[in-house]
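Here, each number is a calculation from the coordinates, and none is a lab measurement. What you see is a predicted model; the values in this text were computed from it and never measured. Cβ sites come from the backbone with ideal geometry, for glycine too, and all protein chains shown count toward neighbours.
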Amino acid sequence: MLFYRIFLLLLLFLSNEKSMKKFLVIVLFLVPIIVSGCFSYEEIKIVKIKDVSYEELKNSKLKIAITATVNNPNYFNVKITNANMVLMLQDRVLGNVTQVEHVELIGQTEKDYTIHLSIELKDIMANAINLYRVFMNNPASLNLSGTVDVRSFLYSKTFQVDRLTFQ
């Protein structure tokens, strides 16, 4: 309420049009900077990968859906807008991974989410046996490395994924 009163007093004080425009430009410039300085993300954690399912293989692009339990400790919803990673199978590069659609993580929850990914395979014939081993539940170590972009309100941040391993 105090902010509202101060704002009205400033509007009355800046009654001419030039002063008003300067004031609005300054306010519109400073408010996002002040708000973004107070805004920080807590680490979002993948608690458990429950399922990896095959959706489609077309023109060396493999589409998969990963169902994972994700913990978002933040007080606000966070949208994963982009993921650019490299998929490796036991230290052999299989291909580049990109996110197909945005995923919104609800604040202060630990919940299951389905994440749709597209993998641009490097060499299908050379990696066919390795992929077969992964999808037939034989022991194999898959690793993801790269970046994930998240966004909330006007604030966005890029996180580095060093090595996410699952079997």
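Once R0 is set to 22 Å, what does the formula 1/(1 + (r/R0)^6) return for the Cβ-Cβ distance between residue 51 and residue 110, expressed as a FRET efficiency to the nearest 0.05?
It comes out at approximately 0.85.
Under 15 Å Cα to Cα from residue 58, which aspartates and glutamates show up? Leave out anything in the same chain fewer than 8 places away.
Correct list for residue 58: 120, 123.
Considering only Cα-Cα distances, which of the following residue pairs are longer than 22 Å: 45/111; 50/122; 122/157; 45/157; 63/157?
50/122; 122/157; 63/157
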